[in-house]
């Protein structure tokens, strides 16, 4: 089979703003045409669930600059090096043993046990936000719910002052733009500027935490001793990462999930009548419209993935949204079914880089959705949703509803 048509289809997938329908039909066509695609540049692109899961767990694959995505537009090398220079020194882009050292310092704050201890505070924040919507006829579910809830939760966990959170959140959106395959020089430049601003802010905040530590994660980072001590860039980068990862995926989970429920009134009614389905519903919503669509790896040592022999330096791109709609794993994958049984989706990745905050994001969604639809049983669309551009981070900029 010629790879050129499949490679052109891949480029279309990576460059298109897919909007309400998402990239899923294009994924299906790519999977049917070339489920294991080796591009002319030597990158391996995977769309099947089993192949993606195996690649993410393969210890011969790791993180490097190449895993930031396919550079489909010209970006000066100096600018590429400058952008995300501290972010790239975090656990997200490090391999063992550094990865284990960086993750160990904060991992205990995200265990299922600790997440359960946070449940009461999360529910209180949800109730406060829903109280603020009471008596309203319309609302934007992104700016008034999907964004402020996880920003508030991670802000409390880290110890970011309330007054600073609305300043830092928009900078995160600029910071992660280079993770999009089609990021251009302007986006990378904005990311570099955003990282500089975030680094300056968190450097000051970490200094305060070091002098007057409290019971929060930033204080733990700032006062680490012995084997856990981080250098300045690692400390600042980790603070930025934890704040960014704490809300970016969860905001998309809430927004994408609510949009999917509004498009499937039978499933919305089922969840209203059976709130005990909440945890399973979150898993299905994560699968159905995946918040993070791609995950990249770089080959660290010779290995074989999906039947392809790989050498160090090659890039492996796993299309998580495609894996989550693989009909070999999920019958009728394009249908939303809150009672669906089957394997856990790959929405939070897999292997050593499995999302640290997965249990927290799941808990936030499981507590929010039943409360929202119980408080506003007639919730319905009130205009066209606005989707953010890009592929890697699939989410809404606006979701107007009638309450």
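Since every read-out is calculated from the coordinates, none of them should be taken as a lab result. Because the structure is predicted, anything quoted here is derived from the model rather than measured. Reconstructed Cβ throughout: ideal geometry from the backbone, glycine too, with neighbour counts over all protein chains shown.
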Notebook entry, point to check: Within segment 125-158, what residues put their amide N at less than 18 Å from the label point 7 Å along the Cα-to-Cβ vector of residue 397?
Noted result: 140-148
Next item on the list: Sort 214, 195 so that the residue with the fewest other Cβ atoms within 10 Å of its own Cβ comes first and the one with the most comes last.
Entry: 214, 195
Check: What's the FRET efficiency of residue 203 with residue 273 using the Cβ-Cβ distance as r and R₀ = 56 Å, to the nearest 0.05?
Finding: 0.65
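Normalised by the residues of the chain, what does the relative contact order come to in percent, with Cα pairs under 8 Å and at least six apart? Please list the in-between numbers first.
Working: 652 pairs, mean separation 111.4, N = 403.
The value is 28 percent.
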Next item on the list: Only bridges with both residues in the chain count here: give the DSSP antiparallel percent, nearest 5.
Entry: 90
Next item on the list: Enter the Cα centre distance for the pair segment 69-143 and segment 253-291, rounded to the nearest angstrom.
Entry: 21
Margin query: What distance in nm lies between label points placed 7 Å from Cα along the C-beta direction at residue 223 and residue 128?
Written below: 2.4
Check: If you take the beta carbon distance between residue 121 and residue 40 as r and set R0 to 60 Å, what does 1/(1 + (r/R0)^6) give as a FRET efficiency, to the nearest 0.05?
Finding: 0.70
Next item on the list: Give the dimensionless ratio obtained when the Cα radius of gyration of the chain is divided by 2.2 N^0.38 Å.
Entry: 0.96
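Hey, fewest Cβ within 10 Å first, where do 63, 163 land in order?
Numbers: 63 20, 163 7.
So the ranking, lowest neighbour count to highest, is 163, 63.
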Next item on the list: Set the Förster distance to 51 Å, then compute FRET efficiency between residue 138 and residue 114 from the Cβ-Cβ distance, nearest 0.05.
Entry: 0.85
